[in-house]
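*Asks:* The structure follows.
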Amino acid sequence: MSARRVAVLGAGLMGHGIAYLFAAGGFEVSIQDPNPASLESLPARIGVICELLGTPAAEILSRLRCTAQIAAAVAEAELVIEAAPEQLALKRSIFQELERASPAQAILASNTSVIPIHAICEGLTHTNRVLGAHFWNPPHLVSLVEIVMMQEENRAAAESLLATLRVLGRHPVLVRRDIPGFIGNRLQHALKREAIALVAAGVCDAETIDEVVRFGFGARLAVLGPLEQSDLVGLDLTQQIHDLLMPDLDVTPHTHPYLQALVARGELGMKSGKGFRRWTASSAQAARDRLSGYLAQCAAASRSKG
């Protein structure tokens, strides 16, 4: 494993989980955030993860060092993972500072979920060491990490990061082209586009969409990917279905007007009490608990197999 000192920039939703992963793997981790409240609450949030996964909080926390300054966080880092908010201008400014402040051999990775890496590192000189490293939420429970290359010159850095993540028990995959959304979010939002279009057209309500996915084909997705399933049933059958179905699927080339209208009305989902579905505080918390409980069970099963 090449890197033993890691810097995580951002102590929020994704950053604290990423920092936990590396600290639990024995790395010395510097975590940076300009918001004092985020750094003050970090030990408690790390403690919640430790309790969930049964890991010793004192040992994990002993490997974490907090700072508000990027330069201080990355001074000795061999790997830097940026987990700042999804704002292109902000990420660009961070990477410009990283090019100046980080050691010359450090790998610099962005945890962006959708912004192309070449857009983030525009204007940088040494882009051979810049990658995408898209962890999925929550990173301590979901093992997939998409490692995104911009060019062949990124391969050495990518192979090093892939090896490091495998040692941590993650499941990294290599994305060979730097495109918006990479792989996972393109698949996820292609599904969401059709789901929104079905509700907008009055085919069904949002609750029915969720039931069809959860109790139908979603039940097998964790064990059989979509192309595996196509090979299972036969590509001749898949083609027959596509010949009939593809011309009728939604092809809206922008955000669907139905979604735009919900946002314009302030119907933003659980945080506002209504989105595609209506939510109370208790029903929203029940959904969150259902998700975290399921993912924790999956993570525990994966560790026991290892």
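*Asks:* Taking Rg/Rh (Cα atoms, Kirkwood Rh) straight from the coordinates, which label in (1) 1.04; (2) 0.98; (3) 0.93 is the correct one?
*Replies:* Checked against the structure: label (2).
*Asks:* While we're on this one: From the backbone phi of segment 280-294, what are the Karplus-calculated ³J(HN,Hα) couplings (6.51 cos²θ - 1.76 cosθ + 1.60, θ = phi - 60°) in whole Hz, Gly and Pro given as x?
*Replies:* For segment 280-294, the Karplus curve yields 9, 4, 6, 5, 5, 5, 4, 5, 5, 5, 4, 5, 5, x, 5 Hz.
*Asks:* Still on this structure: With each run of n ≥ 4 DSSP H residues scored as -39500 (n - 2.57), what mean residue ellipticity at 222 nm is computed for the chain after dividing by its residue count and rounding to the nearest 500 deg cm²/dmol? Walk me through the numbers before you get to the answer.
*Replies:* On the way: 14 runs with 152 residues, N = 306.
Calculated mean residue ellipticity at 222 nm is -15000 deg cm²/dmol.
*Asks:* So if we plug the beta-carbon distance of residue 86 and residue 243 into 1/(1 + (r/R0)^6) with R0 = 41 Å, what FRET efficiency do we get, rounded to 0.05?
*Replies:* With a Förster radius of 41 Å, E is 0.60.
*Asks:* Using only the C-alpha atoms of segment 24-138, find the volume of their convex hull and express it per residue in Å³.
*Replies:* Working: hull volume 12.2 nm³, N = 115.
For segment 24-138, the hull spanned by Cα atoms encloses 106 Å³ per residue.
*Asks:* Here is a follow-up. Taking the chain as the reference, fit the longest principal axis to its C-alpha atoms, fit the long axis of helix 206-215 to the helix C-alpha atoms, and give the angle between the two in degrees, 0 to 90, nearest 10.
*Replies:* Roughly 80 degrees between the two axes.
*Asks:* Using r as the Cβ-Cβ distance of residue 270 and residue 302, and R0 as 30 Å, what FRET efficiency do you calculate, to the nearest 0.05? Present the calculation step by step, with values, prior to reporting the outcome.
*Replies:* Values: r = 28 Å, r/R0 = 0.92.
In this case the efficiency is close to 0.60.
*Asks:* In the chain, what percentage of the DSSP-assigned beta bridges are antiparallel, given to the nearest 5?
*Replies:* If we restrict to bridges inside the chain, about 20 percent are antiparallel.
*Asks:* I would also like to ask the following. Considering the dipole of segment 206-270 built from charges on the beta carbon (Lys and Arg +1, Asp and Glu -1) around the Cα centre, which of 270, 258, 216 is farthest to its positive end?
*Replies:* Comparing the listed Cα positions along the dipole, 270 ranks first.
*Asks:* Name the residue, out of 55, 208, 164, whose mean-square fluctuation peaks in a Gaussian network model built on the chain with Cα pairs under 10 Å.
*Replies:* 208
*Asks:* Could you tell me the calculated FRET efficiency between residue 294 and residue 185, based on Cβ-Cβ distance and R0 = 25 angstrom, to the nearest 0.05? Kindly include the intermediate steps, with their values, before the conclusion.
*Replies:* Values: r = 21 Å, r/R0 = 0.82.
That pair, residue 294 with residue 185, gives E of 0.75.
*Asks:* Taking amide H positions as placed in the peptide plane 1.01 Å from N, state which residues far from residue 31 in sequence (5 or more) or on other chains have amide H under 5 Å from it.
*Replies:* For residue 31, the qualifying residues are 8, 65, 66, 67.
*Asks:* On C-alpha positions alone, give me the angle between the axis of helix 235-245 and the longest principal axis of the chain, in degrees, nearest 10.
*Replies:* Helix 235-245 sits at roughly 70 degrees to that axis.
*Asks:* Calculate the dipole size of segment 149-295 relative to its Cα centre from +1 charges on Lys and Arg beta carbons and -1 charges on Asp and Glu beta carbons; express the result in debye to the nearest 20.
*Replies:* 740 debye
*Asks:* For residue 283 and residue 153 in one chain, what is 0.36 nm times their gap in residues minus the Cα-Cα distance, to one decimal in nm?
*Replies:* The span from residue 283 to residue 153 would gain 41.9 nm if fully extended.
*Asks:* Compute the distance in nm between two label points, each set 7 Å from the Cα along the Cα-to-Cβ direction, one at residue 200 and one at residue 222.
*Replies:* 3.2 nm
*Asks:* Ignoring ligands, DNA and RNA, what accessible area per residue does the chain give at 1.4 Å, in Å²?
*Replies:* Value returned for the chain: 55 Å² of accessible area per residue.
*Asks:* Sticking with this structure for a sec: Order of 250-261, 133-144 by packing, highest average Cβ count within 10 Å first?
*Replies:* The densest-packed peptide leads the list: 133-144, 250-261.
*Asks:* What part of the accessible area of the chain, given as a whole %, is carbon or sulfur when the probe is 1.4 angstrom?
*Replies:* On the way: 9570 of 16720 Å².
Carbon and sulfur atoms account for 57 percent of the accessible area of the chain.
*Asks:* Among 87, 296, 189, whose Cα projects farthest towards the positive end of the dipole of the chain, with charges put on the beta-carbon of Lys, Arg (+1) and Asp, Glu (-1)?
*Replies:* Towards the positive end, the residue furthest out is 296.
*Asks:* Does anyone have the angle between helix 88-101 and the longest principal axis of the chain? Alpha-carbon axes, 0 to 90°, nearest 10?
*Replies:* Between the helix axis and the principal axis of the chain, the angle is about 20 degrees.
*Asks:* Oh, and also: Which order do 91, 305 take by accessible area at a 1.4 Å probe, largest first?
*Replies:* On the way: 91 0, 305 180 Å².
My answer, sorted largest first, is 305, 91.
The values are calculated or read from the model by the stated rules, or taken from the named source; none is laboratory data. Quick caveat, the model's predicted, so the values are computed rather than measured. Ideal geometry is used to build each Cβ from the backbone, glycine not excepted, and the neighbour counts take in all protein chains shown. The protein model used for the area step is the full one, side chains on, heavy atoms only, and it has no ligands, DNA or RNA in it. Shrake-Rupley method; radii C 1.70, N 1.55, O 1.52, S 1.80 Å.
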